[in-house]
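Each remark here refers to the structure printed beneath this line.
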Amino acid sequence: MQNKKQLSKVLFLISLLASTITLIANDNKVACMKNDASACYAYALPLVSGENANIQDIREEGLNYIRKACVLGYHQACDVLGKNYFEDKSYIAARPHLEESCNRGVKVACESMGVIYRDGHDVRNDDVKAREFFTKACALKSPDACYNVAIIYRGGFGVTKSREKEKEFYKKGCDLGLKASCDRFTELDNEDKGIETGFIATMKAWFN
């Protein structure tokens, strides 16, 4: 009997919570119609997140409200819009939003801009711009971006090759927890110190 009462109470609370969420969503939708940008964003965000992001009709509705919030000047909405355009491979539409977001210090936006220019997505490949955006993302603590900058200096893509710079950015990526950066930095650092590593060092160790 006690268990049934507890279950009934839990079900009631769940129902009450669902009703409250629905009421809040409806209030936000109404406020959005009156050009309240934050309400548009609050209504839209659940529609483009989680499982809803995989349901086309729901996601499209959410993106419509995200677009409105962005047009009304809500920066977070513009961040989400750029991210979604990038994921949809709508790179031309994504670029202005991502660049603005990057300028506001949004790490993932800087990373995405670096990828767009590095890989030439609907734009001429530009290694200089790619490096600029990856460097910004690295400064915002993206280990992958630091690694990408190191690769750019290693290959001399749009910049003079620099082993010193390559090591510097591998070290930054390593400090941020990227194992590949740690491995590469250690390898280069050991070479500079005259310490043999890798397969040859392993072979020599076997015969010593």
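The values are calculated or read from the model by the stated rules, or taken from the named source; none is laboratory data. Predicted model, so just to flag it, every value in this text is computed and none were measured. All Cβ positions, glycine included, derive from the backbone under ideal geometry; neighbour counts span all protein chains shown.
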>> Asp189 - would you say it is among the charged types (D, E, K, R) and either at pLDDT below 95 or in a helix (DSSP H, G or I) (or both)?
In response: yes
Every listed condition ((1) under 24 Å from Ala93 (Cβ atoms); (2) surrounded by fewer than 20 Cβ atoms within 10 Å (Cβ to Cβ); (3) of a type outside the set (Ser, Thr, Tyr); (4) without any contact (Cβ under 8 Å) to a residue 24 or more places away in the chain) holds for Met113 save (2)
Scanning segment 41-58 for residues that are closer than 14 Å to Ala77 by Cα and part of a helix (DSSP H, G or I) gives Tyr41, Ala42, Tyr43, Ala44, Leu45, Pro46, Leu47, Val48
Here the residues within segment 114-127 that are in a helix (DSSP H, G or I) and either farther than 15 Å from Ala139 by Cα or touching a Gly at 6+ places or on another chain (Cβ under 9 Å) (or both) are Val115, Ile116, Tyr117, Arg118, Asp119, Asp127
Here the residues within segment 31-79 that are polar (S, T, N, Q), within 25 Å of Glu99 (Cα to Cα) and under 21 Å from the mean Cα position of the chain (by Cα) are Ser49, Gln76
Note on segment 83-98: residues over 13 Å from the mean Cα position of the chain (by Cα) and of a type in the set (Asp, Glu) are Asp88
Among Arg67, Arg154, the single one that is touching an Asp or Glu at 6+ places or on another chain (Cβ under 8 Å) and either aliphatic (A, V, I, L, M) or modelled with pLDDT of 95 or more (or both) is Arg154
Scanning segment 60-102 residue by residue, those out of contact with any Lys or Arg (no Cβ under 9 Å at 6 or more places or on another chain) and among the aliphatic types (A, V, I, L, M) turn out to be Leu63, Ile66, Ala69, Val71, Leu72, Val80, Ile92, Ala93
message: I'd like to check something: does segment 143-157 contain any residue that is more than 30 Å from Asn190 (Cβ to Cβ), touching a Ser or Thr at 6+ places or on another chain (Cβ under 7 Å) and not aliphatic (A, V, I, L, M)?
response: no
- Is it fair to say Ala44 is in contact with a helix residue (DSSP H, G or I) (Cβ under 9 Å, 6 or more places away or on another chain) and at pLDDT below 95? yes
